[in-house]
Amino acid sequence: MPDAVATADRQIWRDGHLGEGTRLIPEESAIALTYNGGTYAVMMGTPQNLQDFAVGFSLSEGIVRSPEEIVSLDVVELDDGIELRMWLASPQAERVNERRRHIAGPTGCGICGIESIAEAVRPAAVVAEGRVFSPREIMAAMASITVLQQINIQTRAVHAAAFWTPAHGLVALREDVGRHNALDKLAGALALESVSPSEGIVLLTSRVSVEMVQRTAAIGAPLMVAVSAPTALAVRTADAAGITLAAIARADGFEIFTHPQRIAVTQYTGVAEATHVA
């Protein structure tokens, strides 16, 4: 299997001087997801955590409802890419046949095998209420992921998706050149480990598009926090799904766009600090 990181020769032009050296860069491979012998999608992604990717993609796309519905999964390296070969039982196979397309997706393509605009902007699953989180917990969660983004530390060129709980800290983190791929890998890892999503936070190092909200809803997490801003459709989708969406997370705080009742904020009044649930 290809390594996740490669070394590239380079010339460097800075401050009026030309130099030479090498740089670590992320690997990118064509990854085909096949079901019962037919190709459903071809994604460009980082060749790492591919079992997680296959399971998470299948869950996010609604092809299966649990990892157990995938009868077998083989990761096969080909001359020009990687094939994730999955076999499904009859009901799931028929569902795939209705939606199957041979799609070459761009890096991190998040919508595959669909036929209509209505399906692309389909309502997300409605999440359970879950627990209330403090701003301190959210800030601790975001701070915990930076040092563990091993590929990004080397390359500065990949996205990460992580899951954090107050009881266990950082439960899982996955990286990929595609932000949707990273979240699908995280979804697969959580499903394979039977992690309860209602007690934790999905953390993203990317912007929040509608597909990212749909995938978080499929995971079942009540709160998602991202370092970048959401799109308007992402906000509307998170609101309808009952997800608390916080974004533009920085060292000094974050912005809450939907369902603020899950975040217990402390507001400075000028005389004393009053704690309340927003």
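Readers should treat all values here as calculations from the given coordinates under stated rules, not as data from a laboratory. The structure displayed is predicted, hence computed values, not measured ones. Don't worry about glycine lacking a Cβ; one is built from the backbone with ideal geometry, like all the others, and counts go over all protein chains shown.
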A correct fewest-to-most ranking of R136, R207 by other Cβ atoms within 10 Å would be R136, R207
Expected vector for region 123-132, Karplus 3J(HN,Hα) from phi with 6.51, -1.76, 1.60 and θ = phi - 60°, integer Hz, x for Gly and Pro, equals x, 7, 4, 8, 8, 6, 4, x, 9, 9
Answer in debye to the nearest 20: the dipole magnitude of region 135-269 about its Cα centre, from +1 Lys/Arg and -1 Asp/Glu charges placed on Cβ, is 180 debye
A correct Karplus calculation of ³J(HN,Hα) over region 158-166, with 6.51 cos²θ - 1.76 cosθ + 1.60, θ = phi - 60°, whole Hz and x for Gly and Pro, returns 10, 9, 10, 10, 9, 10, 10, 10, x
Amide H contacts under 5 Å for A264, restricted to residues at least 5 apart in sequence or on another chain and with H modeled in the peptide plane, are F133, S134
Least to most buried among S209, S60, by other C-beta atoms within 10 Å and fewest first, runs S209, S60
Sorted on mean Cβ neighbours within 10 Å (highest first), peptides 150-159, 171-180, 196-205 come out as 171-180, 196-205, 150-159
Expected sort for D79, D52, D3 with the fewest Cβ neighbours (10 Å cutoff) up front is D79, D3, D52
Applying the gyration tensor rule to the Cα atoms of region 135-269 (axes a ≥ b ≥ c; rounded if a/c under 1.5, else prolate if a/b exceeds b/c, else oblate), the class is rounded
DSSP beta bridges in the chain: the antiparallel percent, rounded to 5, is 75 percent
Other residues with Cβ under 11 Å from the Cβ of T46 give, with Lys and Arg +1 and Asp and Glu -1, a net charge of -3
Under a Gaussian network model of the chain whose springs join Cα atoms within less than 10 Å, the largest fluctuation of A218, A232, A191 belongs to A232
In terms of the alpha carbon gyration tensor, root eigenvalues a ≥ b ≥ c, rounded if a/c is under 1.5 and otherwise prolate when a/b exceeds b/c or oblate, the chain is oblate
Restricting to Cα pairs under 8 Å and 6 or more apart, the percent relative contact order of the chain works out to 17 percent
Applying the span-like rule to the chain (DSSP H, Cα extent along axis at least 18 Å, Kyte-Doolittle mean at least 0.0) gives 179-192
